[in-house]
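The values are calculated or read from the model by the stated rules, or taken from the named source; none is laboratory data. These numbers were taken from a predicted model, which means no experiment stands behind them. We place every Cβ from the backbone using ideal geometry, glycine too, and count neighbours over all the protein chains shown. Remember, those area values only see protein heavy atoms, side chains included, never the ligands or the DNA or RNA. Shrake-Rupley method; radii C 1.70, N 1.55, O 1.52, S 1.80 Å.
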Amino acid sequence: MALRDEYHLEDLKNVAEDLVIDQMEIQLKANHPDVPITEDLVLDVAAYALNLVKPMYRVNLLGRMYAHAFSEMYHNEIVDAVEKAIAKIVANPQGESGV
């Protein structure tokens, strides 16, 4: 029995991903309008930032409600992680960021 085939693991969601991506969009537009936004930049910044924040997994409707409450608690952590990630990735040419 393969767990991936038997169970709805696609329902398992790290809410931190959405929060980081939303914050990246805000910060890139407001603080880095001259930086070309490429797929590599977005993926590198997201990966780096997500490695700096606590994961916030949810599975069901109740988890979605709690995730929203937790997102407010972790707002500063998300903002700081995205700031650090953008600075790191923008300062290092592709392939040299260590991500």
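Report, by residue number, each residue of region 30-62 that is in contact with a helix residue (DSSP H, G or I) (Cβ under 7 Å, 6 or more places away or on another chain), in a loop (DSSP other than H, G, I, E, B) and farther than 16 Å from MET73 by Cα.
Hits for region 30-62 are HIS32, VAL35, ILE37, VAL59.
Which of the residues belonging to region 40-69 are open to solvent by 90 Å² or more (accessible area, probe 1.4 Å), of a type outside the set (A, V, I, L, M, F, W, C) and at pLDDT 95 or above?
Within region 40-69, just ASN51 meets the criteria.
Residue pairs, Cβ under 7 Å, 6 or more apart or interchain, first in region 1-29 and assigned to a loop (DSSP other than H, G, I, E, B), second among the aromatic types (Phe, Trp, Tyr) and open to solvent by 50 Å² or more (accessible area, probe 1.4 Å). List them.
Pairs that qualify, where the first residue is assigned to a loop (DSSP other than H, G, I, E, B) and the partner is among the aromatic types (Phe, Trp, Tyr) and open to solvent by 50 Å² or more (accessible area, probe 1.4 Å), are LEU12/TYR57.
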